[in-house]
Each structure stands twice: as C-alpha cells, then as structure tokens.
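I have placed the structure first, in the form of structure tokens, so that the comments after it can refer back to it.
Every number here is computed from the coordinates shown, using simple stated rules; none is lab data. Keep in mind the model is a prediction, meaning the values are calculated, not measured. As a convention, Cβ positions derive from the backbone with ideal geometry for all residues, glycine included, and neighbour counts pool all protein chains shown.
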C-alpha cells in the first residue's frame, strides 16, 4: 500500500554503462586471478601473458564506462576524496583504482619480480572486482536487488569466472585447468538461481553441455553472453515499477 | 577574533509535521521552491485529487499529499455526505541512520551540526548511489544538472538562526520546527490530546524501532501511514552489508582456491 499506489522508491538512474562495467570489470578481475594462479603453477607462460593483457585492457575500459555514467563526469576524482568501508561504491572505486594501477604495472614495470608483485596485487583486487558489484546492488533499498543480497555476489563471481575462462580460451589457450574452471562455473550457474531464464541457460546449462561434448569455444561464447545479459537483466529488474 | 558561529548554541533540530492541522495550501512547497531556487519538474495533470506533484524528488523537496478517505465521523471528521480529505506535507526524513549518507562514495552527503542530512552540491558527482539507498524514495538525480538533490533542511537558514522556509511559511503550524527532543515531547502530547478527543485513528510515524533509528522529520497522520508513503518498517540498506560481503568473500575464496588447484594440476 502506497500513496495512490504510486511507487515509494525512485528507480535507479544508472544507464547502460553500469551493467557493461559490471561485466567488463568482473571478467577482467577474474582473469587476473587465473593469470596469477597459472604464474604460481608455472606451467603456462602464454596464458599468464594473455591474462595480464586482458586484465589491463579490462581495467582501462572500466574507468571510462563508470565516468560516463556520472551526472558530473568531470568530478570523477571525487570518488577518491574519501574512503568509506560502509559504502560498497567507495570500496569499489578504490578497488578499481588499485586494480587499474596494478594491472597496468604488471605489464610495464621493469623487472620480472616487480611485475609479479604487481600481478599479485591485480589478482587480489581482481577478486573484489569480480564479486563486489553483487554487494553494490544487493545492499540497497531496491527490493528486486536486496532480496538477493546474499546470493548476487556469488552469482556475479561465478559468471565472472565463466567469462574469464572464456576470454582466455578465445585467445587460443586450451588447458585442462581452464576447462575444469569453466565446467565448475557453468555447473554452479546451472543450479536453480534467481536470474532470468535466458542468462541462466547461457551461463549455466548451455556451456555445461557444450563443454561435456568438448565444444570449448562455443561454451566460451555462451558464457560471455550469459554473463553480459545477466548483468543487464539484474540492473533492469531494479528499474521496474517500484523496484519490486 | 572569535567566530560568530561558535558562540551560537547548536541543538539537534527536527520537523514535526502534524497533518491534522494541514489545510493543503501548499505554501510550504512554494516557500521551499522560492527560497532554495528549485526549478520546476514538469507541469502535467495527474488526475489524483488536487495533487499534480505526486511525490518528493530532485526538484520537489516539500510535497503536500492529498489523501481521500471514506467518511469517518469524529473529531476532525466531516458531514456523512462528504468523503474526508487529509493533507500531509512530506519531506526528506533526515534519518538517524541515513542510507544515502552512508552510501555516498564522495562524502558529498554529510550530517550537519543540526543533525540534518545535507548534500554538498560542490562535491556531488552524480553517481546515483544515494538514489537506490534511500529507503523512502526521496533523493534523486536532476537530469539536466547531473547532481543529486533533496531537502537541505534549509541548512543555510539554520546557520543564520532562522527556521526552514517551509515551517516559516506554514500558516497553521502544521509544520513545526525546533529542538528535536522538544518536538518529540510535543508530538506525544498532541497525539494524547487527539486520542482523548476521539480521533483514535491519529498515528505518530517515527520508525525508531527499525534500522533507520528514527527520523529527524516525523509525522502525525490519520489512518494507515502507508497511504501517505510512510512505510511501516523502513530499513537502512547497510544492514545487508554483512551478509552480502560474506557472500562475496566466500565466492572470492572459492574462486582463488579453485584457480590455484586447477592450475597446480594443469595439463595442456
């Protein structure tokens, strides 16, 4: 019951750049994690190199996407004016700053050790990048989001991992490790969840089946699409009348 | 040189809006617009009672609601041949635990020395996060400006020792402004008086028992507060942070561990 049944809450003002960033930043963050895991195992130099490039490019694209969505883009640096742990967006802004700096440093710093240290920082912040956006929309007043506050970060993390595996595979990396992680992400995403049917299938059942039949690149494309669409669907769900 | 401001006795202030005294004149809306130089937010005919404004927003910081009721006989009631007409002037609630303030990543939204929640227009970069963390749908981003706006509690006037423009303009003292604790006592006395006079549907709305922790702008309405867009159990969204971050940490942990194990046993 509300005043003349008008929606009590204001719909989100975020435009297309925000879910696009959720997708790019999440995937890039998870790629950085895979890159460091491969670097530690020391058995796949090409994958490590590819991962560092994808993470840095993803971080570079993420910034402008977020700046473009601001009502006052020229004031984007105000995001780093304060640090507020109680604000997921503040945590996210600082994480993206760290992720961007460390991902770029992991490519261009002189000396292998320095680059490895930077890559490790990039992976650490990448873990936050791939999951915090679930907290960002979960811990809000919008019922369509806050009812799922404790599952959205997991769903976003799993689909970011699926995207990360997909990006590396589409760059020509083929390994049991990637396939196993892709299977794991697809298996998790195929479990009953709260996402819309299309992205649920594209990030879950479809890539799962495709991988079982050895169609890794097709599975990769499906996972990427699912990961992108689910973020648009979730942000869109919050914009429906009253955010219900 | 001593500052003039430091010598002023500062108290936590509040709004007590008593709808039973409101005559629906909208002087508060006009005074707010005039004093704060708030632009219009469109002219259209809503068809909903005498209200073409419909709600608070980026360019409406006081909003008079017109709630039409079935006839109820009693103090303040009307002749049985008419339906009753309730007016209530809505405003930013200035929450004790304000979702928008906590969520604001730039620190633009602050708590003033008067206890109000204030958006610093020179800091706000229009990220829009306050819009989705307000439990009451009050604050919004002004499209042609890019920044978020809401009631300032007339911070400028309060600093000068004046009461907010809406309270000043209210001709019936339906909008009372003053020391928060004194207003709360006045509200308790008012509702006791109304109940004693037979207006048993008078209700005081101030969500002190929720995570919002009470509001600095509270209301006395007749009937169900939800009809006035005053939800019964508003929650500050920060209560969800713990479970949501826990889920994120679990997901991140599984991802990191999974990646390390997968590549440790990797075959190309």
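Residue by residue along A:68-76, Cβ atoms of other protein chains within 10 Å of the local Cβ number 6 on average. Among the residues of A:18-27, the average count of other protein chain beta-carbon atoms within 10 Å of the residue beta-carbon is 0. Mean partner shielding of peptide A:138-148, defined as the number of other chain Cβ atoms within 10 Å of each residue Cβ, is 6. By other beta-carbon atoms within 10 Å, ranking A:75, B:185, A:115 with the fewest at the front produces B:185, A:115, A:75. So which residue, out of A:164, A:180, A:118, gets the largest mean-square fluctuation from a GNM of chain A using Cα contacts under 10 Å as springs? Between A:164, A:180, A:118, it is A:180 that shows the largest mean-square fluctuation.
Normalised by the number of residues in chain A, the average gap of Cα pairs under 8 Å and 6 or more apart makes the relative contact order 23 percent.
With a Förster radius of 60 Å applied to the beta-carbon distance between residue B:85 and residue A:187, the computed FRET efficiency rounds to 0.50. Given a Förster distance of 22 angstrom, what is the FRET efficiency for residue A:239 paired with residue A:86, based on the Cβ-Cβ distance and rounded to 0.05? About 0.30, to the nearest 0.05.
Cβ crowding within 10 Å, taken as a proxy for footprinting-reagent exposure, orders B:153, B:44 from fewest neighbours to most as B:44, B:153. Here each label is just a point 7 Å from Cα along the line to Cβ, and for residue B:37 and residue B:144 those points are 1.5 nm apart.
Take every pair of alpha-carbon atoms less than 8 Å apart whose residues are at least six positions apart; their mean separation over the length of chain B yields a relative contact order of 24 percent.
A crude spin-label estimate for the pair residue B:196 and residue B:11, with each label 7 Å from Cα along the Cβ direction, gives 2.3 nm. Name the residues of segment A:190-212 whose amide N is less than 19 Å from a point 7 angstrom out from the Cα of residue A:61 along the C-beta direction? From segment A:190-212, the list is A:203. Across segment B:32-188, Cα pairs under 8 Å and at least six residues apart give a relative contact order of 18 percent. Short to long, the 5 Å bins of the Cα pair-distance histogram for chain A hold 1, 7, 14, 18, 18, 16, 12, 8, 4, 2, 1, 0, 0, 0 percent of all pairs. FRET efficiency for the residue B:160 to residue B:23 pair, using the beta carbon distance and R₀ = 35 Å, is estimated at 0.80.
Between residue B:188 and residue B:111, the contour length at 0.36 nm per residue exceeds the alpha carbon distance by 25.1 nm.
Approximating the spin labels as points 7 Å out from Cα along Cα→Cβ, the residue A:49-to-residue A:113 distance works out to 2.4 nm.
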